[in-house]
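Asks: This structure is in structure tokens; I'll ask about it shortly.
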Amino acid sequence: MIFYLIVILGVLASSASQLLLKKSASVEHRSPVFTLLNWRVILAYSVMAIVLVTNIFAMSKGVQLKDMPILEATGYIFVPLLTWLILHERIDRRTLASIGLILAGIVVFYL
């Protein structure tokens, strides 16, 4: 059970790294090279690489392959919530409906 929690925390970390990428895209850089080689982009991709290794480790310790897409789908819930909390972006009705469908799909999968 602890490894499922590790995967969920990894999805949360990946969602946070997507916020870093979004923030980096909104900043104007000196050159196209600095668009890809700035601290936000490097940190975001480093976090994603660490999460990838962590997910492989968690799967080797008992997380079922059939559960991974469902656990990864929670990222579609975390990203809008984090952008709302951190970047103060609005969550529109379409996004709320999408989150509801994802949650319904997770519930149906585990029934």
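Asks: Looking at segment 70-87, can you tell me whether even one residue there is farther than 28 Å from Val107 by Cβ and out of contact with any strand residue (DSSP E or B) (no Cβ under 9 Å at 6 or more places or on another chain)?
Replies: yes
Asks: Can you pull out the helices (runs of 4 or more DSSP H) entirely within the chain that have at least 2 residues that are surrounded by 14 or more Cβ atoms within 10 Å (Cβ to Cβ) and touching a residue at least 12 places away in the same chain (Cβ under 8 Å)?
Replies: In the chain, the matching helices (runs of 4 or more DSSP H) lie at 2-26, 39-60, 68-73, 75-86, 93-110.
Quick note: the coordinates plus some simple rules give every number you see, no bench work behind them. All of these numbers come straight from a predicted model, not from anything done at the bench. Neighbour counts run over all protein chains shown; Cβ positions are idealised from the backbone, glycine included.
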